[in-house]
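Read-outs throughout are calculated quantities, based only on the coordinates presented, and are distinct from any laboratory measurement. Here the structure is a predicted model, which means the values were calculated and not measured. Glycine also receives a Cβ, built like all others from the backbone with ideal geometry; neighbour counts cover every protein chain displayed.
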Amino acid sequence: MAHPYGMAAKMTEQQSSPEARPEAREFREYCRRWLEENRPPPTETPLPQASYEVTYDDHRAYLCDWQAKCYEAGLIATDVPKVYGGHGYENFQSIASDEVRRSKVPYFLNWIGLGMVAPTLLIHGSEEQKKRFLKPIFSAEEIWCQGYSEPGAGSDLVSLQTSAVKDGDQWIINGSKVWTSLGSLASWMLLLARNDKQDKYNGITCFLLPIDQPGVTVRPIHKMTGECGFCEVFFENAIIADDLRVDDVGAGWKVAMSTLTSERGAAAGVGAVTHTESPLSSVRELIELAKTTKRNGVPVWDDPVWRDRIVKLYIRIEAIIQHARRAPIEALNGGAMRLPLQSKVVGSEIGQDLNATALGVLGMQSSLYVGDEHAVRNGRWPLGYMNSYTGTISGGSSEIQRNILGERILGLPKTK
């Protein structure tokens, strides 16, 4: 693959830190320069706060074009082998993703494909599946969604009931999924379905489902925010060819654990970036909000109680950023990937606290929502607060994450 950054990038045993290599520093500078020179113009209608809320066709076209350019530049699939459409470097993806977030350019629309499907296929997919599906994921030619959660199987995923019945060289799918991000835009779904009702864990199989077919119905779910990035999906005798099965029949739970490891942040993925506003920039914006918002003629920032609350948030955010730097060190993680799971729990809850604090600073102004001409930053903080609950639920709720950490890391007994 022709690529503007032609440097070889190989990790040696003596160089334990990728950032210690001169090549890594050069690559970071290349990413910064490319992103600055190729920054796309803003959309006529502002993008949603996060990629999972994209629903408009013009936003889709804009974001797909942007992702394709970043892929060609080497900022996506940076470490994936060239045979699968990647760029063939080693330990550079985290640098590229970090610079994308830092530059505040648009996020990548195909985040499920990049962050979940691609890592799963690299581990469990056949050679044919890797060569067929990975490059269109990287370039956003094909958008993906994830068919895991069901009305009766959300946090308790293993209770899923969508059925897969073998019929010759194909499978017949019946059932439904819910909270399907990007369902209305996707052409493919990573699907879990039950092939054996008697075997709870070994009776689940993973498939790659083409959505545009008879028997598949997608319905957007309208949230209290007014957005509808989540969908419910219904299957009525939908068909999947057996060569679109991922791994062995009955290996779906093992595949799902790989996918959820990526979703919860325990794997680097291949460049998924769903937000480009960093926590530090958000808390700095919160500080500015407190300095410019007045109560009884005095800035909120001058109130020691509010100032103390905001500074503690700043400290927590800085701590979680430093904590995340340790995540790639395997010896610190154990089998349950302790550090990334901790980051998922704490990071999502900090996001909620940050937005809640902003609403407190705004006071009565926090009731002014998106579209109100008097709303501060077009209602950014009330919208952010309502959307923050997505982070504490998706990828396994905070309660589920704490159970995993308690049972697998601390050795506590299972909850009943």
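Data for the structure
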| quantity | calculated |
| --- | --- |
| Principal-axis tilt of helix 93-103 within the chain, Cα atoms, nearest 10 degrees | 40 |
| Alpha carbon convex hull of the range 86-143, projected area averaged over orientations, nm² | 4.3 |
| Ascending count of other beta-carbon atoms within 10 Å, so fewest first, for 381, 306, 179 | 306, 179, 381 |
| Over the range 126-270, relative contact order from alpha-carbon pairs under 8 Å, at least 6 apart, % | 24 |
| Per-q log10 I(q)/I(0), the range 315-416, q = 0.14, 0.15, 0.16 Å⁻¹ (Debye; single scatterer per alpha-carbon; no solvent) | -0.65, -0.71, -0.77 |
| Estimated dipole of the chain in Debye, rounded to 20 [Cβ of Lys and Arg +1, of Asp and Glu -1, Cα centre] | 1180 |
| Rounded to the nearest 20 debye, dipole of the range 132-200 from Cβ charges on Lys, Arg, Asp, Glu | 40 |
| Lys/Arg +1, Asp/Glu -1 at C-beta; the range 145-261 dipole; positive extreme among 211, 230, 189 | 230 |
| Charge tally in the Cβ shell below 10 Å around residue 171, where Lys, Arg are +1 and Asp, Glu are -1, residue 171 excluded | -1 |
| Total lysine pairs whose alpha carbons fall under 17 Å of each other in the range 66-179 (8 or more apart, or interchain) | 5 |
| Debye log10 I(q)/I(0) at q = 0.15, 0.20, 0.26, 0.29 Å⁻¹ for the range 316-361, Cα point scatterers | -0.43, -0.64, -0.89, -1.00 |
| Mean projected area in nm² (Cα convex hull; one quarter of hull surface) for the chain | 22.3 |
| Residue-averaged 222 nm ellipticity for the chain, from DSSP H runs of 4+ at -39500 (n - 2.57), nearest 500 | -12000 deg cm²/dmol |
| Nearest-0.05 FRET efficiency for residue 397 and residue 234, computed from C-beta distance (R0 25 Å) | 0.55 |
| For the range 18-141, fraction of C-alpha pairs farther apart than 25 Å, in % | 25 |
